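Here's the structure, in structure tokens; my notes come after.
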Amino acid sequence: MKLLVAACAAVACAGCAVDSASAAPPGPGSSDVTADPRPTVVADLANVVAQTRAAISGATANLPGAMSEATLAQLFGASASALHQMTLPLAGRLAMPADDPVAWLSSNVFASSVDEGVYAIPAALVCGPSAPAGCGSAVAAATPRVRLAQSDGGIQLFVQLGSAHDEPIAITLSASELNATLDLDAVGRDLGQPFSGKATVDLTVLGPAHVRATVAFAAPVSVGWGGASLTSAAGTPLVVDLDGARPQLEASLAFGATTVQLADTVLSLAGLATDVGFDGHALTLDRISLGGSPATLARAGQTAIAIDLNPTAGRTFGAVLSTNADGIETIAVAPSLDIHQQIDHGALGDGLPVYDVTDLSLDAALHGSPAATQLEVVHGTLAIATSPANFGITATDTHCVTQTPATSSSGQSFDQLAVATCQ
């Protein structure tokens with residue numbers, strides 16, 4: 001997949017972060033095209049990347065959620081661990097090949113001119129030491145190149161593949177926008193890989209440290225490489241507006257049916273959706289949903305984990321998260337949260353733990369922090385059911401849930417849940 005980011009490197013920068021003070025706003029005339037368009041490409045790409053990084057850094061600097069993430073990870077340890085082990089290698093294969101995409105593009109792609117305005121993408125840039133077998137030969141056979149052209153909207157970059165130099169990836173770049181269209185059917189044909197679908201990525205600079213990103217799938221998308229694959233239904237899975245100067249974040253997540261596979265392990269989601277708002281203080285998540293059926297993790301064709309979210313309440317819920325000056329996080333759900341979990345440890349290939357959490361029911365507001373040893377139920381009820389059942393707890397108003405390291409009679413380590421007076 002590094003081949004795809006060779007010419008649209010800035011798109012993958014959405015996860016980068018730098019000090020917003022270091023990013024300069026768009027300058028007048030920065031897209032004036034000279035005889036050699038490379039300096040313009042580098043300057044425009046540098047501005048888009050800098051503004052994106054500044055927007056992310058500013059808009060998410062005080063984003064709450066660490067306590068909630070840590071709590072769920074602890075309570076649902078088996079499923080959280082399995083999902084992490086599965087998705088981490090796939091994410092690694094889709095990662096940027098360098099921390100600075102502008103420098104990477106300049107030194108590795110634009111330095112390999114094969115014709116006027118055409119630059120080679122060496123196979124070694126695409127296939128690193130951890131690349132799957134056959135990567136180098138597959139990329140070399142596709143003879144990947146980047147062609148630069150001038151347009152009224154800015155500079156255009158085309159990724160060329162195959163002996164006929166097809167151009168299945170087209171990017172239009174200016175100082176304030178990067179728009180990429182990907183014909184994955186053509187990419188798959190040229191690479192001899194199971195790619196299909198059509199996708200568009202648009203990243204627009206709206207002002208200093210303010211960007212909007214949109215990802216759209218005009219047709220169902222499937223990307224596979226070296227035993228890893230991702231498929232997702234057509235739609236607009238992501239729209240995000242990041243204003244680091246205010247700061248403010250607005251986003252809409254709307255994935256349709258999605259499957260992630262790594263070797264014999266398959267994560268299946270009927271959907272993944274929520275509307276997100278953050279004003280610098282409170283994070284609001286509306287209509288959180290995993291689709292119309294449970295999310296599952298399967299190994300060798302056998303379901304190992306199934307997670308159902310609010311099955312009797314429309315499979316959706318909302319939440320508000322905030323953090324006070326002391327770093328204490330509050331999470332309140334509306335109207336309630338009920339998570340059912342089934343785990344087959346035989347299918348997972350691990351040993352039986354002392355207990356599994358099978359159900360988490362929350363009709364409450366909670367206080368806590370990632371480093372805290374207790375979770376306070378401010379009002380309402382938090383109920384955790386386990387298998388075996390004697391490890392479960394129910395906590396109500398002004399009580400705290402604690403997790404204490406313990407050892408079972410068989411010598412297994414586990415966290416003992418208990419309800420206590422808050423300290």
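Every number in this text was worked out from the coordinates using simple rules, so none of it is lab data. All values reported here derive from a predicted model rather than from experimental measurement. Every residue, glycine as well, gets a Cβ built from its backbone with ideal geometry; the counts of neighbours run over all protein chains shown.
Annotations
- The stretch 110-164 and the stretch 200-224 have Cα centres spaced 22 Å apart.
- Count Lys and Arg as plus one, Asp and Glu as minus one, and take only other residues whose Cβ is under 13 Å from that of Thr316; the net charge is then -2.
- Computed from the C-beta positions of Ala61 and Val419 and an R0 of 35 Å, the FRET efficiency is 0.50 to the nearest 0.05.
- Maximal additional length on extending the Thr200-Ala263 stretch stands at 19.9 nm, based on 0.36 nm per residue less the C-alpha distance.
- Length gained when the stretch Asp185-Ser361 is fully extended (0.36 nm per residue, less Cα-Cα span): 58.9 nm
- Based on Cα contacts under 8 Å between residues 6+ apart, the chain shows a relative contact order of 11 percent.
- Each residue, Ala73 and Ala164, gets one label point 7 Å from its Cα in the Cβ direction; the gap between the two is 4.9 nm.
- Virtual spin-label span in nm between Asp275 and Ala103, 7 Å along Cα→Cβ: 4.2 nm
- Label point 7 Å beyond Cα of Asp36 along Cβ direction - residues of the stretch 139-163 with amide nitrogen under 15 Å: 148
- Residues of the stretch 317-342 with amide N under 14 Å of the 7 Å Cα→Cβ point at Ser369: 323-330
- Ordering Ile331, Ser289, Ala300 by Cα displacement along the dipole of the stretch 271-362 toward the positive end leaves Ala300 in first place; charges were set at the Cβ atoms of Lys, Arg (+1) and Asp, Glu (-1).
- Residue-averaged 222 nm ellipticity for the chain, from DSSP H runs of 4+ at -39500 (n - 2.57), nearest 500: -5500 deg cm²/dmol
- Part-to-part distance (alpha-carbon centres) for the stretch 255-274 and the stretch 376-403, which is given in Å: 31 Å
- Per-residue ³J(HN,Hα) for the stretch 335-341, Karplus 6.51 cos²θ - 1.76 cosθ + 1.60, θ = phi - 60°, Hz, x for Gly and Pro: x, 6, 10, 9, 10, 9, 9
- Reduced Cα scattering model of the stretch 354-423, Debye log10 I(q)/I(0), q = 0.21 Å⁻¹: -0.90
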